[in-house]
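Report on one structure; see the data block that follows.
The values are calculated or read from the model by the stated rules, or taken from the named source; none is laboratory data. Everything numeric in this text was worked out from a predicted model, so none of it was measured. Glycine also receives a Cβ, built like all others from the backbone with ideal geometry; neighbour counts cover every protein chain displayed. Heads up: the accessible areas ignore ligands, DNA and RNA and are worked out on the full protein's heavy atoms, side chains in. Shrake-Rupley method; radii C 1.70, N 1.55, O 1.52, S 1.80 Å.
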Amino acid sequence: MDIAQRVQSILLRPREEWVRIKAEPTTPAELFTSYVMILAAFPAGFQFLGNVLVGRRLPLVGVFRWPIGRALGYAIVSYILWIAAVYLFALIINELAPSFSSAKNMTNALKLAVYSMTPGWVAGVLSIVPGLWLLGVLASLYGIYILYLGFDAPMMETPKDKVGSYLGVSILVVLGLFVVVNWFLKVIFAVRYGHL
């Protein structure tokens, strides 16, 4: 799989790309090593650069830049947690399948989770400028549309009348994972650096 071509196709022609993805033989290990581990590094890496080089403007303080060690620690922990969250998202999609008259298939659930995260990961390059986080959120919303098209493909053999409800529950799951990961990061770094 050519990662640049896959990213471009899933972002620009997601409906057609889901057909290729569904037919493509792959393993979870291949998805993680050739796609997830590369793209998930974008937000972590660019956030590191933003925290160290660009900094944040704080009232009465001016520009605050993180110490390199703290920024690197945050980037590494964030990277690991988001990789784990993608796997957990896929696991939940797979376990929910029977509830929506769908076929359990962990590889296809993982494809759904992984490829729907692509817009958010690509928008991670915007993390170099801390004030552009809203654009990353908008890109992640496009990921919900990509997830919908994946369910509609149908990656999990979901009947058309169940796609909306399966998608709705999946959105709640990913929002929950987002809240938990961000809370966990805040707790780790607040406790570690005495800001809790």
Accessible surface of Arg65 - all protein chains present, 1.4 Å probe, nearest 10 Å²: 120 Å²
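How large a share of the accessible area of segment 1-100, in percent, is made up of carbon and sulfur atoms when the probe is 1.4 Å and the other protein chains stay in place? Mind showing how you got there, number by number?
Numbers: 3780 of 5440 Å².
Of the solvent-accessible surface of segment 1-100, carbon and sulfur hold 70 percent.
Quote the FRET efficiency, to the nearest 0.05, computed for Arg13 versus Ile171 with a Förster distance R0 of 25 Å and r equal to the Cβ-Cβ distance.
Values: r = 23 Å, r/R0 = 0.90.
Calculated transfer efficiency: 0.65.
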Span from the segment 18-71 Cα centroid across to the segment 107-162 one, whole angstrom: 15 Å
Straight-distance crosslink candidates among aspartates and glutamates, where the alpha carbon sits under 17 Å from Lys160 and sequence neighbours closer than 8 are dropped: Asp152
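Would you mind working out the accessible area per residue for segment 101-157, using a 1.4 Å probe, and quoting it in Å²? Show your work: numbers first, answer last.
Details: 2190 Å² over 57 residues.
Per-residue accessible area for segment 101-157 comes out at 38 Å².
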Compactness index (Cα Rg / 2.2 N^0.38 Å), segment 97-148: 1.42
With all protein chains modelled, accessible area of Lys22 [1.4 Å, Å²]: 70 Å²
Highest-MSF residue in the chain out of Leu91, Leu132, Leu39 [GNM, Cα springs under 10 Å]: Leu132
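Return the inverse of the average 1/r over all pairs of distinct C-alpha atoms in segment 136-193, which is the Kirkwood hydrodynamic radius, in Å to one decimal.
Working: mean 1/r = 0.0767 Å⁻¹.
Its Kirkwood hydrodynamic radius stands at 13.0 Å.
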Mean residue ellipticity (222 nm) of the chain, computed from DSSP H runs ≥ 4 via -39,500 (n - 2.57), nearest 500: -21500 deg cm²/dmol
Percent of C-alpha pairs per 5 Å bin, segment 9-151, short to long: 2, 10, 17, 20, 18, 12, 9, 6, 4, 2, 1, 0
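Tell me, what is the per residue accessible area of segment 1-82 in Å², probe radius 1.4 Å? Walk me through the numbers on the way to the answer.
Values: 4710 Å² over 82 residues.
Each residue of segment 1-82 exposes 57 Å² on average to a 1.4 Å probe.
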Using alpha-carbon coordinates, inclination of helix 14-23 to the longest axis of the chain, degrees: 60 degrees
Rough spin-label spacing in nm, given labels placed 7 Å along Cα→Cβ, for Tyr145 and Arg56: 3.0 nm
Nearest-10 value in Å² for the accessible area of Leu134, using the 1.4 Å probe: 90 Å²
J(HN,Hα) series, segment 168-177, from Karplus relation 6.51 cos²θ - 1.76 cosθ + 1.60, nearest Hz, glycine and proline x: x, 5, 5, 5, 4, 5, 5, 5, x, 5
